[in-house]
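Report on the following structure.
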Amino acid sequence: MNDRAIEIKENIESVKKCIAKAAQKSGRKSSAITLVAVTKYVTLDDMRYAIEAGIKVVGENKVQDAKKKFFQIGPVVDWHMIGHLQTNKARQAAALFSTIQTVDSLKVVEVLDKEAMRFDRKLNVLIEVNISHDENKFGIHPDETKQLIQAVCEKEHLVPVGLMAMAPYVEDKELTRPFFRVLKQLFDEIKEEMNPGKKWNMLSMGMTNDYEVAIEEGSTLVRIGTGIFQKQSGRR
Ligand SMILES: *Cc1c(COP(=O)(O)O)cnc(C)c1O
């Protein structure tokens with residue numbers, strides 16, 4: 001193994017340790033939390049090292065980039081779309097991703113269902129919720145989320161699996177906690193009131209800066225880029 005492969009492996013191991021600790025605090029096993037390696041800025045080599053070190057799910061934020069990487073790496077990992085989806089990219093997205101984490105409008109629901117039908121696939125869908133009420137961020141307003149879930153439930157080729165959100169970036173991670181709590185509550189309400197199905201189990205919240213807090217608040221899927229691919233100081 002070369003230095004970079006070792007570095008990525010060590011990063012993954014230390015992220016996994018932190019996941020296990022945070023899971024324990026919330027009374028869960030680390031196996032209840034899926035680690036998604038966010039590979040949007042990384043090279044194919046780095047991606048391969050992460051996969052060799054045990055990564056099973058990758059997150060990409062641009063369809064075009066994901067497509068290039070998919071041709072090289074293939075379906076050995078599960079591909080999640082974590083960036084904003086433009087409807088004119090829905091066909092390619094439906095062809096290569098198993099899961100779209102960023103559905104936030106009725107229009108995207110309609111188009112994705114149609115494209116998934118073309119490939120005779122079922123796509124897992126998470127609704128992206130704008131929990132920080134930041135106008136510059138994507139995501140549907142929390143009050144409109146149930147309506148959108150209803151629309152997903154009615155589509156033959158879409159499977160509602162959960163909710164995704166980003167907390168505002170803050171120095172003090174503790175300040176993200178109330179945002180995650182709101183999303184968890186919405187996630188539970190939908191489960192109880194709407195009966196979205198057996199696959200409703202993905203609460204995608206937490207990035208490098210705040211994933212421990214997110215897990216303590218009930219996250220079942222964390223999206224980590226920097227924490228896995230950063231270069232450690234003291235190494236070349
Ligand atoms: C880039 C990105 C991440 C990963 O962020 P890090 O801080 O590098 O862990 C997670 N989620 C989304 C939606 C992203 O765009």
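Among all positions in the stretch 180-195, there is at least one residue which is at pLDDT below 95, more than 17 Å from the chain's Cα centre (by Cα) and either more than 21 Å from Ile82 (Cβ to Cβ) or surrounded by 15 or more Cβ atoms within 10 Å (Cβ to Cβ) (or both). Within the stretch 149-190, the set of residues being farther than 20 Å from Asn130 by Cβ and in contact with a strand residue (DSSP E or B) (Cβ under 7 Å, 6 or more places away or on another chain) comprises Cys153, His157, Leu158, Val159. In the stretch 111-133, the residue that is surrounded by the fewest Cβ atoms within 10 Å (Cβ to Cβ) out of those that are under 30 Å from Phe180 (Cβ atoms) and among the acidic types (Asp, Glu) is Asp113.
Mind listing whichever residues of the stretch 102-133 are under 19 Å from the mean Cα position of the chain (by Cα), touching a residue at least 40 places away in the same chain (Cβ under 8 Å) and not in a strand (DSSP E or B)? Selection gives Asp104, Ser105, Val109, Leu112, Ile131, Ser132.
Taken together, the criteria exclude Asp3 from residues that are among the charged types (D, E, K, R) and within 16 Å of the ligand (Cβ to nearest atom).
The set of residues in the stretch 57-89 that are within 22 Å of Met166 (Cα to Cα), assigned to a helix (DSSP H, G or I) and among the hydrophobic types (A, V, I, L, M, F, W, C) comprises Val63, Ala66. Specify the residue that is farthest from the ligand (Cβ to nearest atom); the eligible residues are those in the stretch 84-101 that are surrounded by fewer than 22 Cβ atoms within 10 Å (Cβ to Cβ) and under 15 Å from the mean Cα position of the chain (by Cα). Applying the filter and picking the extreme gives Ser98.
Of all residues assigned to the stretch 71-92, none qualifies as being out of contact with any Asp or Glu (no Cβ under 6 Å at 6 or more places or on another chain) and farther than 29 Å from Glu115 by Cα. Does the stretch 37-46 contain any residue that is basic (Lys, Arg), closer than 26 Å to Gly83 by Cβ and buried (at least 16 other Cβ atoms within 10 Å of the Cβ)? Yes; the residues of the stretch 37-46 include at least one that is basic (Lys, Arg), closer than 26 Å to Gly83 by Cβ and buried (at least 16 other Cβ atoms within 10 Å of the Cβ).
The values are calculated or read from the model by the stated rules, or taken from the named source; none is laboratory data. Bear in mind that the values here come from a model prediction, so they are computed numbers and not experimental data. Cβ atoms come from the backbone with ideal geometry, glycine included; neighbour counts cover every protein chain shown.
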